[in-house]
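The values are calculated or read from the model by the stated rules, or taken from the named source; none is laboratory data. Note that the structure is a prediction, hence the values are computed from the model and not measured. Cβ placement follows ideal geometry from the backbone for every residue including glycine, while neighbour counts extend to all protein chains displayed. When the accessible area is computed, the model is the full protein with side chains, heavy atoms only, and any ligands, DNA or RNA have been set aside. Shrake-Rupley method; radii C 1.70, N 1.55, O 1.52, S 1.80 Å.
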Amino acid sequence: MTHFESSVTVHCPPDAAFNFLLRPNNIIKISPPDMGLTFTTAPKVVELGSVLEFKVLARGQVQKITHEIIHFERPLQFVEQQIRGPFKYWVHTHLFHVADGESVVITDKIEFERPGGLIGLLVTEEKILD
């Protein structure tokens, strides 16, 4: 199992950051354009049990992926898990920690297992995290 973690400090209250990231349309705004992220099915605001179907462009191939929100603890964290897609296992935890009275540290933790078969031989952790 591979683990990836990244954090960013944002100058805003934790509730504002949490609420911003609950909206799939906002995720599109902050995603790299070359990722080609588009949601095919998603609520306006995610909550526990929400299902998000989306497409991304990975190494020249469009991947269709479905995630479900499996844990929701406002305004501290929410967790999404792949229920359909290319990976054997994929869980993405979004954590929100107050840095001071005016800032929040947003940490993304991702645990994943590469796809199986021939695709798994071509898809290394370095290529996934690139």
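Under 5 Å between amide H atoms, partner at least 5 residues away or on a different chain: which partners does Ser50 have, H built in plane at 1.01 Å?
It is Ile69, by chain and number.
Only four residue types carry charge here, +1 at the Cβ of Lys and Arg and -1 at the Cβ of Asp and Glu. Report the dipole size of the stretch 11-83 about the Cα centre in Debye, rounded to the nearest 20.
260 debye
What number comes out for accessible area per residue over the chain if the probe is 1.4 Å? Units Å², please. Before the final figure, lay out each step's value.
On the way: 8020 Å² over 130 residues.
It amounts to 62 Å² per residue over the chain.
Sort Val10, Val91, Val62 by heavy-atom solvent-accessible area, probe 1.4 angstrom, most to least.
Details: Val10 50, Val91 15, Val62 95 Å².
Most to least solvent-accessible, the answer reads Val62, Val10, Val91.
Among the GluC sites (Glu not before Pro) within the stretch 1-88, which fall in a DSSP loop and have no more than 15 other Cβ atoms within 10 Å of their own Cβ? Let's see the in-between values first.
Working: sites: Glu5, Glu47, Glu53, Glu68, Glu73, Glu80; in loops: Glu47.
Those that pass, being in a loop and sparsely packed, are Glu47.
With θ set to phi - 60°, apply the Karplus curve 6.51 cos²θ - 1.76 cosθ + 1.60 along the stretch 85-90 and write out the HN-Hα couplings as whole Hz, x wherever there is a Gly or Pro.
Those phi angles translate into x, x, 8, 5, 8, 7 Hz.
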